[in-house]
Amino acid sequence: GIQVEQSPPDLILQEGANSTLRCNFSDSVNNLQWFHQNPWGQLINLFYIPSGTKQNGRLSATTVATERYSLLYISSSQTTDSGVYFCAVTKAAGNKLTFGGGTRVLVKP
Amino acid sequence: GAVVSQHPSWVICKSGTSVKIECRSLDFQATTMFWYRQFPKQSLMLMATSNEGSKATYEQGVEKDKFLINHASLTLSTLTVTSAHPEDSSFYICSARPTDYNEQFFGPGTRLTVL
C-alpha cells in the first residue's frame with residue numbers, strides 16, 4: 001500500500017515562531033488532507049489539498065503532487081496550535097485514507 | 001457544514017459484553033463511512049470501509065465477526081464490538097465522505113475501556 005511519512009515527529013516552538021511540517025508519500029494520490037487533532041481527540045480538517053497551495057489565516061499548505069510531498073506552514077504560532085498534525089492521502093482512484101505518523105507540536109508561551 | 005457525530009463519546013464495559021457505537025453525518029449524505037482505531041500516541045489505523053446497503057470491507061487483520069459494521073442509511077453507520085476484551089480498549093473514530101466528494105470528515109471519537 002501507499003506509504004506516508006511525516007517529519008519531524010516532534011516539534012517544540014516558542015509562541016510567535018514559524019514552522020514547516022512535511023508529508024512525503026510514495027504513490028500518486030487523488031486526495032490529501034491535513035488535520036489537527038486536539039487534546040480531546042477530535043480531528044479538525046485543516047486543508048483538502050491534493051495539489052496546489054491554499055491559505056487559511058495563519059496556516060497555509062502546498063502540495064507538489066509530481067514530487068510526492070506536501071508542506072504545512074504555521075506562522076506566528078500560538079499555544080492553541082499545540083496538538084498532533086496528521087497528513088493523510090488516498091491513492092489515485094482509491095477510496096481509503098492512509099495516515100502518516102503525525103507531528104506532535106508543542107507551542108510554549 | 002459537514003458535521004459528523006458519534007455516540008457515545010466514552011463507554012466503560014465489562015469483559016465479554018458487546019458495545020455499539022453510532023456514527024452519523026448530520027448535514028450531508030454519505031454513501032461511504034470509515035471506521036478507525038487509534039492507540040495512545042499512535043496514528044489512526046483504518047479498520048473497515050462501510051458502504052450503505054452492502055457489506056463492509058475490512059482491512060487485513062481486522063476480525064469481521066468481532067467488529068460488526070452496519071450502514072443502514074445514508075447518514076448512519078454503526079460499529080458493534082462483540083464480546084469485548086481489555087485489548088479492545090482504544091479510541092474509535094469514524095469518518096464520512098459526502099457523496100461525490102473526496103474529502104472526509106471525522107467524528108469526535110469514542111473512547112472504549114473494557115475492564
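The values are calculated or read from the model by the stated rules, or taken from the named source; none is laboratory data. Keep in mind the model is a prediction, meaning the values are calculated, not measured. All Cβ positions, even for glycine, are placed from backbone atoms using ideal geometry, and neighbour counts span all protein chains on display.
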| note | When region B:50-101 is checked residue by residue, the ones that are buried (at least 21 other Cβ atoms within 10 Å of the Cβ) and basic (Lys, Arg) are B:Arg97
| In region B:62-77, is there at least one residue being within 14 Å of another protein chain (Cβ to nearest Cβ) and at pLDDT 95 or above? | yes
| query | Restricting attention to region A:11-49, which residues are under 18 Å from A:Tyr73 (Cβ atoms), facing chain B (nearest Cβ under 8 Å) and buried (at least 18 other Cβ atoms within 10 Å of the Cβ)? | reply | A:Gln33, A:Phe35
| Only one of A:Val84, A:Val29 is touching a strand residue (DSSP E or B) at 6+ places or on another chain (Cβ under 9 Å) and at pLDDT below 95; which? | A:Val29
| request: Search region B:86-115 for residues being within 13 Å of the chain's Cα centre (by Cα) and assigned to a loop (DSSP other than H, G, I, E, B), and hand back the single one that is farthest from the other protein chains (Cβ to nearest Cβ). | output: B:Gly107
| Residue under evaluation A:Gly57, criteria (1) over 14 Å from A:Val105 (Cα atoms); (2) within 14 Å of chain B (Cβ to nearest Cβ); (3) of a type in the set (Gly, Ala, Ser), criterion not met | (2)
